[in-house]
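A.B. asks: Just passing along the structure, written as structure tokens.
The values are calculated or read from the model by the stated rules, or taken from the named source; none is laboratory data. It should be emphasised that the depicted structure is a prediction, and the values quoted were computed from it without experimental measurement. Counting neighbours? That spans all protein chains shown, and the Cβs are built from the backbone with ideal geometry, glycine included.
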Protein chains: 2
Amino acid sequence: MDLSERKLRILQAIVGDFIRSAEPIGSRTLSKKLDMGISPATIRNEMSDLEEMGFLTHPHTSAGRVPSDKAYRLYVNNLMQKYELPEDEKRVISEKITKNVTELEKTIQRAASLLSELTNLTSFAITPNQEANQLKYINFVPVDDSTVILMLVTESGKVSNTAVKMKVPYTEEDLTLLSKVMTYNYKGKMLSEILKLDIIKNFETDIEAMNRLVETIRPNFISILEDMLNVELFMDGLTNIFSIPEYNDIEKAKVFLEMINKKKHFTDVLLNRENGVIITIGNENPEDAMRDCSLITATYHINGKLVGKLGVIGPTRMKYDEVTSIIEYITENINQTFKLTGGDEDDE
Amino acid sequence: MDLSERKLRILQAIVGDFIRSAEPIGSRTLSKKLDMGISPATIRNEMSDLEEMGFLTHPHTSAGRVPSDKAYRLYVNNLMQKYELPEDEKRVISEKITKNVTELEKTIQRAASLLSELTNLTSFAITPNQEANQLKYINFVPVDDSTVILMLVTESGKVSNTAVKMKVPYTEEDLTLLSKVMTYNYKGKMLSEILKLDIIKNFETDIEAMNRLVETIRPNFISILEDMLNVELFMDGLTNIFSIPEYNDIEKAKVFLEMINKKKHFTDVLLNRENGVIITIGNENPEDAMRDCSLITATYHINGKLVGKLGVIGPTRMKYDEVTSIIEYITENINQTFKLTGGDEDDE
DNA sequence: TGTTAGCACTCTTAACCAGTGAGTGCTAAT
DNA sequence: ATTAGCACTCACTGGTTAAGAGTGCTAACA
């Protein structure tokens, strides 16, 4: 059996209607809604076929039909029309994303917050994977007799630092020299590379005093590098699920929130997804706990290079057209904002 | 009517039992449990008195009695016995708090996480209010031709920085000089003072070139200072409420989570609470949304000076004795850890 | 006078039942 | 191939009943 034009139209109508109403839809209502001049009985036959093909299911005998994951997939791939964002929504997005850009993290967080607000779903975003980020600059700043601040700067403009309590004596000149030597040695190397190759561990200079300095600083250096490699996860709109009928069941809401709240695990799931706009529907998700969710993620780029992700998670019944448009528009705006500068404003 | 010894014992038993079981307790069960040789009928009379005095309520005619907020207050103030933490729990706390202390924020977050784990409640913590924190050190680090990193260090050892895209030419010497001048001017001043008195706005030197530098940097300087003043809010154990019978109702869970999720507002509530271990029960809370929660907060100190808070929020029916002991022990450990060093390890 | 046994009463909860309505699947007619 | 008609299914609603827990009151008791 193949999908006739009419079957497609019926399926489209069912999916479209269910996405909005969350109610199973029956043959009679559908017949009226379609006004193609086909009777409920005919629709019933078609529906029966569609069910046999796996596009529809039945909660119980006397209920209407509900789209299956397979139907959503077909809908997303073929039936769905491009949703044009209203101009004012576009304007809001542009304004919020590009306004007040001081730190990448803040902008990304704002983007996530905006996303949940516009979609009424739970949104999330992760900062770029720093694997490919290169070290640009190392500096040691003496603050007082026993405290030195270790500062690292990456090519993308990310700055990290930590205060180090010094256990060996040092002079300002020592530190300046050490800054220069280390910068010379590590500049342009990827963060992960520096960590993996143990080149910090084996770092030695010709000067005895400096080696003692390195010795003191090494653990901090390693931990700050590790820290820079961590991607950060932002979420927003957690409580939005309470307004979704599917999650009116306390048990389901609990499972959902617990899944979302395993941040480490959730981050890994996101990192493992392919780049670009990716929609996974219900049982397409590799994670058991997500089997009745849909996940839409998209990729944003910093300097056209570093790659982060953001997206939404919600019931399989979601407005795929609208949500993808919103996500796309937001990522576009992020890309635009961080095109040249790597995180700092120069666009005023 | 006054509270006889017997009334107190009965009340104590009711509160104690209800805290554990969440079930209204009747005269018969209580009579057996107390084994003071008083009959259910007598207990009923006493209960009736206690109800009249406002310590007990009745969900409905044929249900057992339930403690009122007033009863919890009495329990907390007079009836409750000090709960001794088991040694192994103490050990776990000490280990987790003092281990791997690199950044204050991380330790506080870990403390919150630990707190929710041990209490099975929702926990939170805010980083110290930085109002009283003094600036210690200002430094400008040139990274490349057009980027300078502005770094601020406070007395407590907090380091913040931001990359600034420079719009005017500069030399390394300019920056070094500016660092020195500004440090000289601002060192020892409180962050809030620097911001409020507009002394940044009016900052001028004798040197024309330097004033142009200041001009470029000023907005970043202000925003980084503002940023440093923000307290951060950490939470953990959000989904713990789902295992609490009181919140088995989806509507209640929703209200709770939404209240908790207004982070800005919630932070303000915390900031406004007095220092020390503070327990507020149900309607003692000024916030409508918290009227059927209890909130326990405690204060921790950094360098014996800067003050942060942490605590738990949960149903009025909570194990006050156990929870306060845990919170106290955790704050003690934090105080100990940050006694001298202001955030950096030197205790190995 | 404080305590207690006894009993009628209240109220919740669970189970059961019938009625209703939405929707299906099948059959026979068009 | 389409459709009208009809019997059937099943969730949902509202009402009834019975059980159980617990109270409040009264009268008897130490």
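A.B. asks: Among (1) touching a strand residue (DSSP E or B) at 6+ places or on another chain (Cβ under 6 Å); (2) within 16 Å of DNA strand C (Cβ to nearest atom), where does B:TYR72 come up short?
C.D. replies: (2)
Here's the yes/no breakdown for (1) among the polar types (S, T, N, Q); (2) in contact (Cβ under 8 Å) with a residue 60 or more places away in the chain:
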{"position": "B:ASN129", "(1), (2)": "yes, yes"}
{"position": "B:SER146", "(1), (2)": "yes, no"}
{"position": "B:SER156", "(1), (2)": "yes, yes"}
{"position": "B:MET166", "(1), (2)": "no, no"}
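A.B. asks: Please determine, by comparing only the residues of region A:249-281 that are aliphatic (A, V, I, L, M) and over 18 Å from the mean Cα position of the chain (by Cα), which one is nearest to the other protein chains (Cβ to nearest Cβ).
C.D. replies: Step one: filter region A:249-281 for residues aliphatic (A, V, I, L, M), giving A:250, A:253, A:255, A:257, A:259-260, A:269-271, A:277-279, A:281.
Filter once more, so that each one left must be over 18 Å from the mean Cα position of the chain (by Cα): A:250, A:253, A:255.
Details: A:ILE250: 5, A:ALA253: 7, A:VAL255: 9 Å.
Among residues in region A:249-281 that are aliphatic (A, V, I, L, M) and over 18 Å from the mean Cα position of the chain (by Cα), the one nearest to the other protein chains (Cβ to nearest Cβ) is A:ILE250.
A.B. asks: Can I ask one more? Go through the residues of region A:18-37 one by one and say whether even a single one is charged (D, E, K, R) and within 19 Å of A:GLY314 (Cα to Cα). Before you say what the answer is, go through the steps one by one.
C.D. replies: Taking region A:18-37 as the starting set, the residues that turn out to be charged (D, E, K, R) are A:20, A:23, A:28, A:32-33, A:35.
Then drop every residue that is not within 19 Å of A:GLY314 (Cα to Cα), which leaves A:20, A:23.
Yes, because at least one residue in region A:18-37 is charged (D, E, K, R) and within 19 Å of A:GLY314 (Cα to Cα).
A.B. asks: Go over the candidates B:GLU226, B:GLU246 one by one and state the one that is loosely packed, with under 14 Cβ neighbours inside 10 Å, within 29 Å of B:ILE108 (Cβ to Cβ) and within 14 Å of chain A (Cβ to nearest Cβ).
C.D. replies: Only one candidate qualifies: B:GLU226.
A.B. asks: Is it the case that B:PRO169 is more than 32 Å from the chain's Cα centre (by Cα) and assigned to a strand (DSSP E or B)? Before the answer, list the steps.
C.D. replies: On the way: more than 32 Å from the chain's Cα centre (by Cα): yes; assigned to a strand (DSSP E or B): no.
The answer is no for B:PRO169.
A.B. asks: Just one of the numbered conditions (1) among the acidic types (Asp, Glu); (2) more than 10 Å from chain B (Cβ to nearest Cβ); (3) within 30 Å of A:THR239 (Cα to Cα) is not true of A:GLU103; which one?
C.D. replies: Tallying (1) among the acidic types (Asp, Glu); (2) more than 10 Å from chain B (Cβ to nearest Cβ); (3) within 30 Å of A:THR239 (Cα to Cα), A:GLU103 fails exactly one: (2).
A.B. asks: So, of the residues in region B:205-223 that are surrounded by fewer than 16 Cβ atoms within 10 Å (Cβ to Cβ) and among the hydrophobic types (A, V, I, L, M, F, W, C), which turns out to be nearest to the other protein chains (Cβ to nearest Cβ)?
C.D. replies: Among those residues, the one meeting the criterion is B:ILE222.
A.B. asks: Please tell me if A:GLU52 is among the acidic types (Asp, Glu) and either without any contact (Cβ under 8 Å) to a residue 60 or more places away in the chain or over 30 Å from A:ASN333 (Cα atoms) (or both).
C.D. replies: yes
A.B. asks: Can I ask one more? Can you pull out the residues in region A:13-50 that are under 34 Å from the mean Cα position of the chain (by Cα) and near DNA strand C (Cβ under 10 Å from one of its atoms)?
C.D. replies: Result: A:ILE14, A:GLU23, A:PRO24, A:ILE25.
A.B. asks: Does B:GLY64 satisfy the criteria of being within 15 Å of DNA strand C (Cβ to nearest atom) and of a type in the set (Gly, Ala, Ser)? Write out each step before concluding.
C.D. replies: On the way: within 15 Å of DNA strand C (Cβ to nearest atom): yes; of a type in the set (Gly, Ala, Ser): yes.
Spelling it out, B:GLY64 is indeed within 15 Å of DNA strand C (Cβ to nearest atom) and of a type in the set (Gly, Ala, Ser).
A.B. asks: When you look at A:THR239, is it within 13 Å of chain B (Cβ to nearest Cβ), part of a helix (DSSP H, G or I), of a type in the set (S, T, N, Q) and without any contact (Cβ under 8 Å) to a residue 40 or more places away in the chain, yes or no?
C.D. replies: Here the answer is yes, as A:THR239 does meet what is asked.
A.B. asks: Specify which of the listed residues (A:ILE296, A:ILE302, A:ILE327) is within 14 Å of chain B (Cβ to nearest Cβ), surrounded by 24 or more Cβ atoms within 10 Å (Cβ to Cβ) and at pLDDT 90 or above.
C.D. replies: Working: A:ILE296 fails: within 14 Å of chain B (Cβ to nearest Cβ); A:ILE327 fails: within 14 Å of chain B (Cβ to nearest Cβ).
That would be A:ILE302, the only listed residue that is within 14 Å of chain B (Cβ to nearest Cβ), surrounded by 24 or more Cβ atoms within 10 Å (Cβ to Cβ) and at pLDDT 90 or above.
A.B. asks: Follow-up. Please go through region A:51-61 and pick out each residue that is more than 8 Å from DNA strand C (Cβ to nearest atom), surrounded by fewer than 19 Cβ atoms within 10 Å (Cβ to Cβ) and not small (Gly, Ala, Ser).
C.D. replies: Selection gives A:GLU52, A:MET53, A:THR57, A:PRO59, A:HIS60.
A.B. asks: For region A:121-130, indicate whether the set of residues that are in contact with a Pro (Cβ under 9 Å, 6 or more places away or on another chain) and more than 16 Å from DNA strand C (Cβ to nearest atom) is non-empty.
C.D. replies: Checked against the condition, which is being in contact with a Pro (Cβ under 9 Å, 6 or more places away or on another chain) and more than 16 Å from DNA strand C (Cβ to nearest atom), region A:121-130 yields at least one hit.
A.B. asks: Looking at region B:161-171 only, could you name the residues that are out of contact with any helix residue (DSSP H, G or I) (no Cβ under 6 Å at 6 or more places or on another chain), surrounded by fewer than 20 Cβ atoms within 10 Å (Cβ to Cβ) and at the interface with chain A (Cβ under 9 Å from one of its Cβ atoms)?
C.D. replies: B:LYS165
A.B. asks: I'd like to check something: does region B:137-158 contain any residue that is of a type in the set (A, V, I, L, M), within 20 Å of A:VAL143 (Cβ to Cβ) and assigned by TED's automatic domain parsing to the domain that holds B:ILE330? First the steps, then the outcome.
C.D. replies: Of region B:137-158, the ones of a type in the set (A, V, I, L, M) are B:138, B:141, B:143, B:148-153.
Imposing the further condition that a residue be within 20 Å of A:VAL143 (Cβ to Cβ) reduces the set to B:138, B:141, B:143, B:148-153.
In the following step, the residues that additionally are assigned by TED's automatic domain parsing to the domain that holds B:ILE330 were identified as none.
No, every residue in region B:137-158 fails to be of a type in the set (A, V, I, L, M), within 20 Å of A:VAL143 (Cβ to Cβ) and assigned by TED's automatic domain parsing to the domain that holds B:ILE330.
A.B. asks: Would you point out the residue of region A:35-65, among those that are away from DNA strand D (no atom under 11 Å from the Cβ) and among the hydrophobic types (A, V, I, L, M, F, W, C), that is farthest from A:ILE281 (Cα to Cα)?
C.D. replies: A:MET47
A.B. asks: In region A:9-28, which residues are assigned to a helix (DSSP H, G or I) and either within 11 Å of DNA strand D (Cβ to nearest atom) or hydrophobic (A, V, I, L, M, F, W, C) (or both)?
C.D. replies: If the condition is that a residue be assigned to a helix (DSSP H, G or I) and either within 11 Å of DNA strand D (Cβ to nearest atom) or hydrophobic (A, V, I, L, M, F, W, C) (or both), then A:ILE10, A:LEU11, A:ALA13, A:ILE14, A:VAL15, A:PHE18, A:ILE19, A:SER27, A:ARG28 are the ones that fit.
A.B. asks: Test of understanding: among A:LEU295, A:LEU213, A:LEU271, A:LEU225, which residue is under 25 Å from A:VAL153 (Cα atoms), not hydroxyl-bearing (Ser, Thr, Tyr) and not assigned by TED's automatic domain parsing to the domain that holds A:MET190?
C.D. replies: Values: A:LEU295 fails: under 25 Å from A:VAL153 (Cα atoms); A:LEU213 fails: not assigned by TED's automatic domain parsing to the domain that holds A:MET190; A:LEU225 fails: not assigned by TED's automatic domain parsing to the domain that holds A:MET190.
One residue alone meets the criteria, A:LEU271.
A.B. asks: Read through the list (1) within 26 Å of A:GLU172 (Cβ to Cβ); (2) modelled with pLDDT of 90 or more; (3) away from chain A (no Cβ under 11 Å), then give the number of the only condition that B:TYR137 fails.
C.D. replies: (3) is the only condition that B:TYR137 fails.
A.B. asks: Also, quick follow-up: Pick from A:LYS136, A:LYS99: which is away from DNA strand C (no atom under 16 Å from the Cβ), in contact with a strand residue (DSSP E or B) (Cβ under 7 Å, 6 or more places away or on another chain) and more than 28 Å from A:PHE266 (Cβ to Cβ)?
C.D. replies: Result: A:LYS136 is the single residue among A:LYS136, A:LYS99 that is away from DNA strand C (no atom under 16 Å from the Cβ), in contact with a strand residue (DSSP E or B) (Cβ under 7 Å, 6 or more places away or on another chain) and more than 28 Å from A:PHE266 (Cβ to Cβ).
A.B. asks: Restricting region A:143-160 to residues that are modelled with pLDDT under 90 and over 26 Å from the mean Cα position of the chain (by Cα), which is farthest from the other protein chains (Cβ to nearest Cβ)?
C.D. replies: Checking each candidate, the answer is A:ASP145.
A.B. asks: Please identify the pairs in which a residue from region B:96-125 that is over 18 Å from A:ASN161 (Cβ atoms) and at pLDDT 95 or above has its Cβ atom under 9 Å from the Cβ atom of a residue that is among the acidic types (Asp, Glu) and surrounded by fewer than 21 Cβ atoms within 10 Å (Cβ to Cβ), counting only partners at least 6 apart or on another chain.
C.D. replies: B:ILE108/B:GLU232; B:GLN109/B:GLU232; B:LEU118/B:GLU89; B:LEU118/B:GLU322; B:THR119/B:GLU322; B:SER123/B:GLU117; B:ALA125/B:GLU232
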